[in-house]
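Asks: One structure follows; several queries about it will come next.
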Amino acid sequence: MPDEKKYFAHPSAIIDEGCEIGEGTKIWHFSHIMPNCKIGERCNIGQNVVISPEVVLGKNVKVQNNVSIYTGVICEDDVFLGPSMVFTNVTNPRSAVNRKNQYSKTLVKKGASIGANSTVVCGHDIGQFAFIGAGAVVTKNVPDYALVIGNPARQTGWMSEYGHKLNFDKNGEAVCLESGEKYVLKNGFVKKA
């Protein structure tokens, strides 16, 4: 009987029991998908990626090489995880102390991008279309459309859904250079007009 799977997995990838993997997803060399993960349609899992038990990835999530996604992480649709970025799941890890029952949740909302070599400390959510700069260390929640950089990460601006920095005028309005979509900044929050 022919193999009925609707996704691609390189022969060197390991996929444990109980995983749900969506149609059109690609899993590349030396990656390990641990038990009971849910991976949506059209995802791309790069080389040497570890996805721990019960992680949930939405549709069209791009996971670049050498990324670690630990239990407690949920990524919504269209999230980008840059090369060698990492999530944590315990705030005070000790080798000799088992804290598996203390895993903290992290939610990465639709369209967010997390840059290469960034770290997201557990228990902090990343807003829709937020942009985390390369090497940033996220230690608090990140609002929708926010641009954060540095260690610890601090907000330095706002980004459009197309990934361009937004320049707001005196009326709190900005336009994305690529899409032409309009955004409004009001009371410290950004939304599309």
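Bear in mind these aren't lab numbers, they're just calculated from the coordinates by the rules spelled out. None of the values given here were measured: they were computed from a predicted structure. Note that each Cβ is placed from the backbone with ideal geometry, even for glycine, and that neighbours are counted across all protein chains shown.
Asks: For region 77-93, check the following and say yes or no: at least one residue is farther than 27 Å from Glu161 by Cβ, crowded, with 17+ Cβ neighbours inside 10 Å and either of a type in the set (A, V, I, L, M) or over 20 Å from the mean Cα position of the chain (by Cα) (or both). Working first, answer last.
Replies: Residues of region 77-93 farther than 27 Å from Glu161 by Cβ: 88-93.
With the extra rule that they be crowded, with 17+ Cβ neighbours inside 10 Å, the set shrinks to 88-90.
Narrowing further to those that are either of a type in the set (A, V, I, L, M) or over 20 Å from the mean Cα position of the chain (by Cα) (or both): 90.
Looking through region 77-93, at least one residue is farther than 27 Å from Glu161 by Cβ, crowded, with 17+ Cβ neighbours inside 10 Å and either of a type in the set (A, V, I, L, M) or over 20 Å from the mean Cα position of the chain (by Cα) (or both).
Asks: Report yes if some residue within region 108-115 is surrounded by 13 or more Cβ atoms within 10 Å (Cβ to Cβ), of a type outside the set (A, V, I, L, M, F, W, C), without any contact (Cβ under 8 Å) to a residue 40 or more places away in the chain and over 21 Å from Gly58 (Cα atoms); otherwise report no. Working first, answer last.
Replies: Residues of region 108-115 surrounded by 13 or more Cβ atoms within 10 Å (Cβ to Cβ): 108-115.
Remaining after also requiring of a type outside the set (A, V, I, L, M, F, W, C): 109-111, 113, 115.
Checking which are without any contact (Cβ under 8 Å) to a residue 40 or more places away in the chain leaves us with 109, 115.
Still in the list and also over 21 Å from Gly58 (Cα atoms): none.
No, that holds for no residue.
Asks: Sticking with this one: Quick test for you: out of Gly40, Gly18, Gly24, pick the one residue that is of a type in the set (Gly, Ala, Ser) and crowded, with 20+ Cβ neighbours inside 10 Å. Let's see the steps before the verdict.
Replies: Values: Gly18 fails: crowded, with 20+ Cβ neighbours inside 10 Å; Gly24 fails: crowded, with 20+ Cβ neighbours inside 10 Å.
Residue meeting the stated conditions: Gly40.
Asks: Does region 126-133 contain at least one residue that is over 14 Å from Gly82 (Cα atoms), under 10 Å from the mean Cα position of the chain (by Cα) and buried (at least 23 other Cβ atoms within 10 Å of the Cβ)?
Replies: Yes; the residues of region 126-133 include at least one that is over 14 Å from Gly82 (Cα atoms), under 10 Å from the mean Cα position of the chain (by Cα) and buried (at least 23 other Cβ atoms within 10 Å of the Cβ).
Asks: OK, next. Could you grab me the full set of residues in region 157-176 that are surrounded by 13 or more Cβ atoms within 10 Å (Cβ to Cβ) and either at positive phi or free of Cβ contacts under 8 Å to residues at least 24 places away in the same chain (or both)?
Replies: Looking only at region 157-176, we keep the residues that are surrounded by 13 or more Cβ atoms within 10 Å (Cβ to Cβ), and these are 157-166, 168, 173-176.
Those that are surrounded by 13 or more Cβ atoms within 10 Å (Cβ to Cβ) and either at positive phi or free of Cβ contacts under 8 Å to residues at least 24 places away in the same chain (or both): Gly157, Tyr162, Gly163, His164, Lys165, Phe168, Glu173, Ala174, Val175, Cys176.
Asks: Further question: For region 91-193, which fully contained strands (runs of 3 or more DSSP E) count at least 2 residues that are of a type in the set (D, E, K, R)? Write out each step before concluding.
Replies: Working: elements: 106-108, 146-149, 154-158, 173-175, 182-186, 189-192.
Filter on region 91-193 gives 182-186, 189-192.
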